[in-house]
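A short reminder: the numbers here are calculations on the coordinates, not readings from a lab. Keep in mind the model is a prediction, meaning the values are calculated, not measured. Here the Cβ positions follow ideal geometry from the backbone for every residue, glycine too, while neighbour counts run over all protein chains shown.
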Amino acid sequence: MEQNEKRKVVFSGIQPSGNITLGNYIGALRNFSSFPDADCLYCVVDLHTLTVRQNPAELRKRTTSLAALYVACGLDPEENIIYCQSHVPAHAELAWILNCFTYMGELNRMTQFKDKSAKHADNINAGLFTYPVLMASDILLYQTDIVPVGVDQKQHVEICRDIAQRFNGIYGDVFTIPEPYIRKASAKIMSLTEPTRKMSKSDPEDTFIALLDKPEDIRRKIKRAVTDSDGEIRYDPENKPGVSNLLTILAALKNQTPEEAAAVLSGLGYGALKEAVTDAVITEFTPIQQRYNEILADKEGLNAMLRRNAEKADYLARKTLRKVYKKVGLFQL
Ligand code: TRP
């Protein structure tokens, strides 16, 4: 690489709001290590989780657990900035400024807001509404070029781009305009019991596989996964959502297309399909779980890593925040 060529910046985040699922893993987490030539930041976005009521002790536990999972999934914490959002105050500070550059109408169109307010009708708080602005702050603070996310977050990256362009239009080139990075092979993983709905960590246990599930749980859940009655292993999400979802999982873990995965199993029964999926998932998760347990066993080491990386993130974030404060006319001493 040219010496004075700017290295690309990659930023992504996951909420520590539940068990990390197979869907999170295939859609986001496992793609995080695909940028060896970039400066990568992977954030545990704890502030975002507060838009839905959390159990405080659980939230604390899940936050360190998710940080450990990042490392267990192969992200080297010396090469990547792995940190916790609330440890870098600039996220919340920039969010306030950007709130003043975001329109109610734009936020009203966000499908996640509509979904979540339907699901939590008793707690449609302002944070839930301005959630995408905090996410935009996460991304823009680091002059991010690339945002690896699942398809469901595309709309949020788009509003982030709109906010950045609007701001740059007024004040000059303050923010890098980020691009979403959505892996084609990382198609949406659906619920095991209701395969027309997205696999979600906030749904009941038997609908998803968690990254930390024991092999026997993985086996049981896949065994009970909904299929259909025509008995043919064929990729057809429209008419065969259950079977197609299993093929999608298998294909993603074997770096195949779902059609290729189906071809390998053609003529066999659903039992064979489920067995193949179970094996693939267990083979993938076992080494991750081993590393996870080792990392968690060294709490001090984990905390020290998070502190070091939060300092690095803070340094970078402050640089952008100072520029923004100056541009909008906040008096600085
Ligand atoms: N909203 C994302 C999700 O629910 C999480 C997130 C927060 C994020 N900030 C981010 C993802 C910044 C990418 C970049 O999945």
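Multiplying the residue separation of Lys299 and Lys114 by 0.36 nm and removing their Cα-Cα distance gives an extension gain of 62.7 nm. Taking a cut-off of 14 Å between Cα atoms, list the aspartates and glutamates near Lys327, but don't count ones fewer than 8 places away on the same chain. Within the straight-line limit of under 14 Å, Lys327 reaches these aspartates and glutamates: Asp173.
At a Förster radius of 22 Å, what calculated FRET efficiency corresponds to the Cβ-Cβ distance of Ala272 and Glu205, to the nearest 0.05? Intermediate values should be presented prior to the final figure.
On the way: r = 25 Å, r/R0 = 1.16.
It comes to 0.30.
Over segment 205-292, the reciprocal of the mean inverse Cα-Cα separation, the Kirkwood hydrodynamic radius, stands at 13.2 Å.
Quickly rank 227-240, 68-81, 36-49 as a protection proxy: mean count of other C-beta atoms within 10 Å, highest first.
36-49, 68-81, 227-240
Convex hull volume of the C-alpha atoms in the chain, normalised per residue: 155 Å³. Sequentially through segment 175-183, phi angles give Karplus couplings (6.51, -1.76, 1.60; θ = phi - 60°) of 10, 6, 8, x, 10, x, 10, 10, 5 Hz, Gly and Pro residues having no value and appearing as x. With R₀ fixed at 30 Å, the C-beta to C-beta distance from Asn55 to Lys154 puts the FRET efficiency at about 0.50.
Simple spin-label estimate for Tyr315 and Lys8 gives 2.4 nm between the two label positions (7 Å along the Cα-to-Cβ direction from each Cα). For a paramagnetic label modelled on Ala92 (point 7 Å from Cα along Cα→Cβ), amide N atoms under 16 Å away belong, within segment 136-150, to 137-138.
Near Arg307, once Lys and Arg are set to +1 and Asp and Glu to -1 for all other residues with Cβ below 12 Å from its Cβ, the sum equals -1. For Thr21, the residues 5 or more places off, or on other chains, whose built amide H falls under 5 Å of its own are Leu211.
Can you compute the FRET efficiency between Glu259 and Leu333 using 1/(1 + (r/R0)^6), with r the Cβ-Cβ distance and R0 = 56 Å? Round to the nearest 0.05.
It comes to 0.35.
Where in segment 70-112 is the amide nitrogen less than 16 Å from a point lying 7 Å along the Cα-to-Cβ axis of Arg308? Label zone hits: 71-72, 75-84. Ordering of 297-309, 269-281 by packing is 269-281, 297-309, highest average first (other Cβ atoms within 10 Å, averaged per residue). Here segment 94-115 is scanned for amide nitrogen atoms under 12 Å from the site 7 Å beyond the Cα of Ala126 along Cα-to-Cβ, giving 96, 99-100.
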